[in-house]
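Note sheet for the following structure.
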Amino acid sequence: MERAERPQRDERPDRRAPQTDRPRSYDSDRPQRTERPERTPLAAPARVQDRAREGLDRDREREQSFAPRTARPNAADTPRGTVWIYGTHAVQAALANPARRLRRLLATEDGAANLSTRLPQPWAIQPETVDRARLDQMLGRDSVHQGLAVLADLLPQLTIGEVLERPGPVLVLDQVTDPRNVGAILRSAAAFGVAGVILQERHAPEETGSLAKAASGALETVPLLRAVNLARTLVMLKAADCWVVGLDAEATQALHGPSFAGRRVALVLGGEGEGLRRLTRESCDELAKLPMPGEMESLNVSAAAAVSLYEIGRKG
């Protein structure tokens, strides 16, 4: 049976709007889009800049308030190779030290009167009368200068051989960096008759006013040496018949003064917090610790030096 032919399907009319030659009204009314010009950043108003600057200044002041304050003499007033020494005891010792080359002595009226009671005039150098504000400006307001400051050349350094000609034990400091600790150690060294104190050439404080102030005059009486290689220096001390003892909290035996009878001791102390370095420790003849039955496990290095020097000098 033949299938009847289907009528052909008419094409659907195009439902889109008829095309006209007239453009749409909204196309004609809309302005033509143009490229935006490149924007340049606008400067903040002056008051905003001022507030930002004030905020940065406050941050700097806050950071400086937490930073350690040390006296830093004005570089313009401190020629190369010189140091400002301040404080009554330090200045008195510098004036009495014939090895010091003195350049200037600044003193307030009260400072000069106080110094005269301790060291009668004439002094090695004539003082220049200044007010306290001048010393504060030069040395820093936090420096306790007591109205006295002397500008002096750095002390000439002795050799190890010259130091060993002096009697007493030798102190060796392994990377002790705080000038106040070094000054306090010098003070103890002078009290217990130490022949000299040896520091590293690097990682050790320079000869400064704060160090001299902490030493309270001992910088003028105890030689301060600087060694390039500390381990090699310990070998030299051994060759000179010094018994090298390293102070170490991990040592198995306690420091015992009478056991060093008849020996010349070179006592080695490590830096704040780190202690003796490995090579320094291995270069010692023996290691010892301070017996501390109390609750504290360690002492400040300057306090440890004082206790150790007392123990070494104990004969029985």
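Counting just the residues of region 91-112 that are touching a strand residue (DSSP E or B) at 6+ places or on another chain (Cβ under 9 Å) and assigned to a helix (DSSP H, G or I), which one comes out surrounded by the fewest Cβ atoms within 10 Å (Cβ to Cβ)? In this case the residue turns out to be GLU109.
When GLY275 is tested against (1) surrounded by fewer than 12 Cβ atoms within 10 Å (Cβ to Cβ); (2) within 21 Å of ASN181 (Cα to Cα), only condition (1) is not met.
Among the residues of region 242-277, those identified as in a loop (DSSP other than H, G, I, E, B) and of a type in the set (S, T, N, Q) are THR252, GLN253. Is there a residue in region 191-211 that is more than 27 Å from the chain's Cα centre (by Cα) and among the small types (Gly, Ala, Ser)? Yes, that holds for at least one residue.
Among the residues of region 197-216, is there at least one that is surrounded by fewer than 18 Cβ atoms within 10 Å (Cβ to Cβ) and at pLDDT 95 or above? No; the residues of region 197-216 include none that is surrounded by fewer than 18 Cβ atoms within 10 Å (Cβ to Cβ) and at pLDDT 95 or above. Within the option set LYS238, LYS213, being within 19 Å of LEU95 (Cβ to Cβ) and among the charged types (D, E, K, R) holds for one residue only, LYS213. Within region 227-258, being of a type outside the set (A, V, I, L, M, F, W, C) and either surrounded by fewer than 15 Cβ atoms within 10 Å (Cβ to Cβ) or closer than 15 Å to GLU282 by Cα (or both) holds for ASN229, ARG232, THR233, LYS238, ASP241, GLY246, ASP248, GLU250, THR252, GLN253, HIS256, PRO258. Strands (runs of 3 or more DSSP E) fully within region 125-218 that include at least 1 residues being in contact with a Cys (Cβ under 9 Å, 6 or more places away or on another chain): 170-174. Cβ separations smaller than 8 Å between residues 6+ apart or across chains give the following pairs from region 108-128 residues that are within 18 Å of ALA152 (Cβ to Cβ) to residues that are surrounded by fewer than 13 Cβ atoms within 10 Å (Cβ to Cβ) and among the β-branched types (Val, Ile, Thr): ALA112/THR129. When GLY294 is tested against the conditions (1) of a type in the set (Gly, Ala, Ser); (2) at positive phi; (3) without any contact (Cβ under 8 Å) to a residue 24 or more places away in the chain, the lone failure is (2). The condition (being at pLDDT 95 or above, polar (S, T, N, Q) and surrounded by 12 or more Cβ atoms within 10 Å (Cβ to Cβ)) is satisfied by just one residue among THR117, THR88: THR88.
The values are calculated or read from the model by the stated rules, or taken from the named source; none is laboratory data. Bear in mind that the values here come from a model prediction, so they are computed numbers and not experimental data. Note that each Cβ is placed from the backbone with ideal geometry, even for glycine, and that neighbours are counted across all protein chains shown.
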